[in-house]
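The values are calculated or read from the model by the stated rules, or taken from the named source; none is laboratory data. Every value quoted in this text rests on a predicted model; they were computed, and no experiment measured them. When we count neighbours, we look across all protein chains shown, and the Cβ atoms used for this are built from the backbone with ideal geometry, even at glycine. Heads up: the accessible areas ignore ligands, DNA and RNA and are worked out on the full protein's heavy atoms, side chains in. Shrake-Rupley method; radii C 1.70, N 1.55, O 1.52, S 1.80 Å.
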Amino acid sequence: MADMVNRPPHYCDGDIECKDAIREGIKHYKGWAAKCAGDVIGYIWRACMKNGVEDLKKAQWYLNQLVSEAEEDEGRVFIYPCNEKRSEDELEG
């Protein structure tokens, strides 16, 4: 029987767990923007294994929120300016 708390199958398909992809995907975002970016990744990840189009629509809703935040003030969304080159050490820190 699947462990629906620690390893739900709709988040553990493949070589990478969804939580690890989310952790990497949001590391350059702040606050609400980080939550929105993480939810976009999560809903897209599980869509074909759980709720299909409904999950894609949820991902779209969170992506729209993220875009709106960035349009208002990129500094409130991103930890670094998007066009600023950073060293590998800065990216890992």
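Sort C18, C48 by accessible area with a 1.4 Å probe, largest first.
C48, C18
So, counting K/R as plus one and D/E as minus one, what does the shell of residues with Cβ under 11 Å around Y43 add up to?
+1
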